[in-house]
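Input: a single structure, listed below in structure tokens.
The values are calculated or read from the model by the stated rules, or taken from the named source; none is laboratory data. Remember, predicted model here, so these are calculated numbers, not experimental data. Cβ coordinates were reconstructed from backbone atoms using ideal geometry, including for glycine residues, and neighbour counts include every protein chain displayed.
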Amino acid sequence: MPETPAEFDVDAMLSHRARSIDASGIRRIFELGASLENPINLSIGQPDFPVPREIKDAVIEAIESNRNGYTVTQGDAAVLAEVRSALAQEMDWAVEDPSIGVMLTSGTSGALVLAALALLNAGDELIIPDPWFVVYPQLAHLTGAKSIACDTYPDFRMTAERIEPLITERTKAVLLDSPGNPTGIVLDTAELEAIVALCRDRGVLLIADEIYDEFTYEDALQDGRCPSPGRLTKDALIIKGLGKTFGCTGWRLGLAAGPVELIETMTKLQQFTYVCAPSMAQAAFTARPNVDMSSEVRSYQGRRDLVLERLGAVTEVIPPGGAFYVFVKVPEHLGLTGTEFVEQAIQRGVLIIPGAVFSDRDTHFRISYAVPEADLRRGLDVIVDLMNG
């Protein structure tokens, strides 16, 4: 009789790279919330407004005009021309500056992955903020590099003074996000100038994740705009996107602009990975100048102020200048970690994310206020009640 074949062990085949990535933090929160009926969900970074009509119409027109096939890897030429023109205005660049390359990517996460693949060798170091967006440490895991956390507590500002001691001969890049996730912090121009100067002096690339730049509140704007290192140097990689601005996160629309040699390398890598950004959705970039999101931004600023008013009375909250998150400290008198507090909130029907998902510390939790105000108020009532013990 033939021997019984050994059980096929796929788990044993998985790479060290894949095993190094732990998604259990957020997964556990969703698992805890899965049994809840109609939870108050303050955990998701998804805007709650509909995609603007102008953006929808541009993409519908592209679909109906049969622009549904591949584009060239860096993006449709007409769309790229619109993007270059917009960036030149936003960043005070010359429209056809040959030293600056521009490409469209599959979301800002796609741009970050391509940048990491283009820059990082095994053993290289990438400096990231702590707290961080969950993708940032994984960029190092994917490339065999090492992420170096820059402790920004208690004010969550990633300053040159905090970055400088972390730079070594292995440092390739500094990655910052402003407005930040999970903190909503917006760095000012003076802080960015110091970081730009530090990176230039030490021969380190600065990568700026500006996915939330359109959601910058009045008290954090400078010269009517979100501060950006792109106005201070041409030697930084600037990453932007449309998903958070217009509520079309599932369309995966990002862009990267920076030194032309880097963009050309990222384009080469995109050719063999993502191929191109979703072709019909690229048309959304052409409609971007025609859309005014100021009313939505004012609405979110009002929700931010509500969160600060309610939670500022019972705990320490650093006011965010943009995005739609607040990173809230668990009051010390409760004697709870961020994870333990979140578990109590979930038992009361409120979904929030523990700070340990975004940080080496477990002292805070993240609220997303990209929800209807009535739901936000109900969730805040529960959180305040828990904090009052």
* **Cβ pairs under 7 Å, 6+ apart, first in segment 262-290 and acidic (Asp, Glu), second outside any helix (DSSP H, G or I) and modelled with pLDDT of 95 or more** => 264/101
* Exclusive hit being under 30 Å from residue 43 (Cβ atoms) and either touching an Asp or Glu at 6+ places or on another chain (Cβ under 7 Å) or in the same structural domain as residue 241 (by TED's automatic domain parsing) (or both), set 205, 175, 166 -> 175
* If you go through segment 50-89, how many residues are at negative phi, out of contact with any strand residue (DSSP E or B) (no Cβ under 7 Å at 6 or more places or on another chain) and outside any helix (DSSP H, G or I)? -> 12
* To do: Just give me the residues in segment 216-269 being assigned to a strand (DSSP E or B) and within 23 Å of residue 55 (Cβ to Cβ), in sequence order.
  => 216, 225, 238, 239, 240, 241, 253, 254, 255, 256, 257
* Does residue 92 count as touching a residue at least 24 places away in the same chain (Cβ under 8 Å), touching a strand residue (DSSP E or B) at 6+ places or on another chain (Cβ under 7 Å) and surrounded by fewer than 22 Cβ atoms within 10 Å (Cβ to Cβ)? -> no
* Structure fact -> Pairs returned, first residue in segment 16-29 that is farther than 15 Å from residue 43 by Cβ and outside any loop (DSSP other than H, G, I, E, B), second residue that is of a type outside the set (A, V, I, L, M, F, W, C) and modelled with pLDDT of 70 or more, beta-carbon separation under 8 angstrom, 6 or more apart or interchain, are 17/141; 17/144
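Those residues that are in contact (Cβ under 8 Å) with a residue 60 or more places away in the chain and either assigned to a helix (DSSP H, G or I) or touching a strand residue (DSSP E or B) at 6+ places or on another chain (Cβ under 6 Å) (or both), I need them from segment 134-150; list them, please. Give the derivation first.
The first filter runs over segment 134-150 and keeps only residues in contact (Cβ under 8 Å) with a residue 60 or more places away in the chain, leaving 134, 138, 141-142, 144, 149.
Residues satisfying the conditions are 138, 141, 142, 149.
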* Would you pick out the residues in segment 153-164 that are surrounded by fewer than 23 Cβ atoms within 10 Å (Cβ to Cβ), closer than 21 Å to residue 202 by Cα and either within 20 Å of the chain's Cα centre (by Cα) or charged (D, E, K, R) (or both)? -> 157, 159, 161, 162, 164
* To do: State the number of residues belonging to segment 210-256 that are among the charged types (D, E, K, R) and touching a Phe, Trp or Tyr at 6+ places or on another chain (Cβ under 7 Å).
  => 1
* In segment 212-260, which residue that is among the charged types (D, E, K, R) and buried (at least 24 other Cβ atoms within 10 Å of the Cβ) is farthest from residue 191 (Cα to Cα)? -> 240
* Asked: Given the conditions (1) within 19 Å of the chain's Cα centre (by Cα); (2) at pLDDT 95 or above; (3) of a type outside the set (Ser, Thr, Tyr); (4) surrounded by fewer than 17 Cβ atoms within 10 Å (Cβ to Cβ), which single one is not true for residue 264?
  -> (1)
* residue 245, sole failed condition from (1) within 28 Å of residue 359 (Cα to Cα); (2) in contact with a strand residue (DSSP E or B) (Cβ under 9 Å, 6 or more places away or on another chain); (3) among the hydroxyl-bearing types (Ser, Thr, Tyr) -> (2)
* Which numbered condition trips up residue 47, out of (1) touching a strand residue (DSSP E or B) at 6+ places or on another chain (Cβ under 7 Å); (2) crowded, with 22+ Cβ neighbours inside 10 Å; (3) under 30 Å from residue 363 (Cβ atoms); (4) touching a residue at least 40 places away in the same chain (Cβ under 8 Å)? -> (1)
* **Test: residue 374 is surrounded by 15 or more Cβ atoms within 10 Å (Cβ to Cβ), more than 24 Å from residue 150 (Cα to Cα), outside the structural domain of residue 133 (by TED's automatic domain parsing) and not basic (Lys, Arg)** => no
* To do: Among the residues of segment 165-188, write down those that are surrounded by fewer than 16 Cβ atoms within 10 Å (Cβ to Cβ) and over 24 Å from residue 117 (Cβ atoms).
  => 165, 188
